[in-house]
1. In a solvent-free Debye calculation with one equal scatterer on each Cα, what is log10 I(q)/I(0) for the range B:183-276 at q = 0.11, 0.20 Å⁻¹, listed in the order of the q values?
2. Would you mind giving the mean number of other chain beta-carbons within 10 Å of the Cβ of each residue in B:16-25, as a whole number?
3. Roughly speaking, what is the stretch gain from residue B:309 to residue B:395, that is 0.36 nm per residue apart minus the C-alpha to C-alpha distance, in nm to one decimal?
4. Take peptides B:498-507, B:324-333, B:372-381, B:34-43 and line them up by average Cβ neighbours within 10 Å, highest first, as a rough protection proxy.
5. Which FRET efficiency value, to the nearest 0.05, is calculated for residue B:497 and residue B:294 with the Förster distance at 30 angstrom and r the Cβ-Cβ distance?
6. Over the whole of A:114-123, what's the average partner chain Cβ count within 10 Å per residue? Rounded to a whole number, please.
7. What ranking do B:385-398, B:518-531, B:409-422, B:96-109 get when scored by the average of other Cβ atoms within 10 Å per residue, highest first?
8. Taking Cα atoms, how many degrees apart are the long axis of helix A:131-140 and the longest axis of chain A, rounded to 10 and kept between 0 and 90?
């Protein structure tokens, strides 16, 4: 499936690998179980490694592996299930993760701005997606009332209001 | 109409250009979402949460638009506009809710964009009045007026409003999330039955801090909240709130809608929940979430005291009818010569919380004349004029009488909270409004009501408990039993400092006999009370047995 990054579609150069399939030489996304089980062997791997985490996974569980991960994929099983927002924010804020955070699952354009504000970098979207719908949603509301990942400063709007006064 | 026409001294939060820009963008976004739904780009399942977060709810007969009244504060221009909306796009009525909001029960989908525009003209909206997000924060309707206030809760309620508005992390929670804040040691906001209840207080150095309770709630599983912390310093208020919400968003149940509120998580985890919040709070980058004193001061400036005149307290007018009204409706004010006035939206035989367009306009006029143009909505579905000169009370009473708004029953047995019930709500399994109307008619004699004294009756039309029956002195829950509406009775509930969940007294009553049952409870109370005792006091002293015996004795 294509990826949306900075409002543009791009091909996905990562491959999701089943637990019992051999790892390719290129960028590979594996499960947390496999990451745990093969941690020692994977330490010597040169190609980029990513992990796909379930909505119920706590970021602490992958914290020991983050320094060798280039990507963490979080998942929204339903549009209403917002656990991925806290996972992403926690990876950035508590664990200092600077790699790609990819949102997968049942995501709608209306999530996009909030995902970005929580530290997500890419969104997996269906074939045939019109990126214009997503950028329109992203840019629909430019005012944010609270601190966001990547925002200029803490408590952004409250601070801006103070400067305005 | 715009902010320029606002009464100059009404202390509602004044929008600036950024707030207005935000609101316009939000309306445009929702219009776009409706268009995408109509074009088939969004499925109904995808659209529904977006619609709910914009306040649009599908009821039994029509759409309902629930409009946010932040912490129950309105100025007269806003109330007048609500009246105009009621007249133009509803059936001439609005319904004030227990979340201090207002709903229009007969909304047409195609009118919604125009209604939102009309609201935006007076800096109002319907954002986050429904859906699994942080809802309107409620507070003390006497804030800034009551003598027992230690901290002005409006300042922090507004900060919570801004912080929770389209919060990027907490807009897709497991379930709805309701916060109440009080700045008085006497809890008038039902803090202990909220998802988070905040008690603002001061330490010995006069600094502001917050006592935080979490996991209270009513619904199918009524639970009194757990105290998480005795003191969170002002600067860390939002950091701590973030920590609570993060633990809930990560761990709250999402499979079963009836177990998805934070109260279930807090109940199941117990002290571990507190520890998890503390751990999250400890490791947060605090600078990022620090609430600077300058920000608090800038928000606080919106709620500065209005220019009170230098007056002295004075005796009430001698008119006995006026005095009866005043004894129920007039409340002490911290400023000498002033009083707060509660306006009953519970006329005998009426629908609790309903106000006509004419009444809204009348209250707006009276507020301008007598209360700096400021109005509050209470969580028991009445209105308050917070700052009235005592010398104006008699004239105000006359104005309220002319508008049919002078029922002297505040805090009395006919001051009933009732959910919309089966007359409006798709979830309800029984009628609640007609029960409220019949009880109020049964106890129509105001002399008798005043003799009975303070007594809270709350009525819910299904186990979701929107009528807060669990925390009433006499709670009534309508349920469906094999196709028949029956009404269970609970006794001894309270939503104040001594918060308690009412006890189910016995088998349910029919639609026809429930009012007789209430009457029996009251005559039993009258027979057992000692001077000065309210219904709840007598109940606590003598216990359930006399009431049970009276209700279920063989005829």
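1. For the requested q values the scattering log ratios are -0.32, -0.96.
2. Mean partner-chain Cβ count within 10 Å for B:16-25: 4.
3. Additional length available on full extension: 29.2 nm.
4. Peptide ranking by packing, descending: B:372-381, B:324-333, B:498-507, B:34-43.
5. That gives a FRET efficiency of 0.35.
6. Across A:114-123, the average partner-chain Cβ count within 10 Å equals 2.
7. Packing order, densest peptide first, comes out as B:409-422, B:96-109, B:385-398, B:518-531.
8. It works out to around 40 degrees.
Every number here is computed from the coordinates shown, using simple stated rules; none is lab data. Please read all numbers here as calculations on a predicted model, not as lab measurements. Cβ: placed from backbone, ideal geometry, glycine included. Neighbour counts: every protein chain shown.
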